[in-house]
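Notes to accompany the following structure.
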Amino acid sequence: MSRETVSTPDAPAAIGPYSQAVRAGDLLFLSGQIPLDPHSGELVDGSIEVQTRRVLDNLAAVARAGGSDLDRVVRLTVYLTDLSHFAAVNAVMADCFAAPYPARAVVGVAALPRGARIEIDAVCRI
């Protein structure tokens, strides 16, 4: 199976040696996004809800560039530096995803790149 990298200027550029996404067959693997503004490259200020929406907007931009969208997400992994934000993140996700919901894991972590409080990666169908 061949693989093809996907990138878009509508989401933050990779901050390390990885691709924004990789397409393999009919699946699109989206690298983790943190709440960076795609134009300034800076972490967005605001509540965990504001930051979660920015992360999902970044993921949506990469998914579109790869020929998919958030409606086709089959798997998410959410990384939080503070698991007390779990309910707030769930509320944002309920606004962004409809049933049947994607499979998901939430992982508490000590730290994330650039001091972010949340990171999300995803797998989509194309």
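Every number here is computed from the coordinates shown, using simple stated rules; none is lab data. None of the values given here were measured: they were computed from a predicted structure. Heads up, the Cβs are rebuilt from the backbone with ideal geometry, glycines too, and the neighbour counts pull from every protein chain shown.
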**Item:** Residues of the range 37-79 satisfying the condition of being among the small types (Gly, Ala, Ser), farther than 16 Å from VAL89 by Cβ and not in a helix (DSSP H, G or I)
**Value:** SER40, GLY41, GLY66, GLY67, SER68
**Asked** Of the residues in the range 32-57, how many are crowded, with 19+ Cβ neighbours inside 10 Å and among the polar types (S, T, N, Q)?
**Response** 3
**Fill in**
Expected output for the range 60-79 (first residue touching a residue at least 12 places away in the same chain (Cβ under 8 Å), partner assigned to a helix (DSSP H, G or I) and surrounded by 19 or more Cβ atoms within 10 Å (Cβ to Cβ), Cβ below 6 Å, 6+ apart or cross-chain) is ASP69/ALA63; LEU70/ALA60
**Asked** Take the residues of the range 90-126 that are touching a Leu at 6+ places or on another chain (Cβ under 6 Å) and of a type in the set (Lys, Arg): which is nearest to VAL74 (Cα to Cα)?
**Response** ARG104
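Condition check ((1) under 20 Å from LEU112 (Cα atoms); (2) buried (at least 16 other Cβ atoms within 10 Å of the Cβ)) across all residues:
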residue: ALA11; (1), (2): yes, yes
residue: ALA14; (1), (2): yes, no
residue: LEU59; (1), (2): yes, yes
residue: ASP71; (1), (2): no, no
residue: TYR79; (1), (2): yes, yes
residue: ALA91; (1), (2): no, no
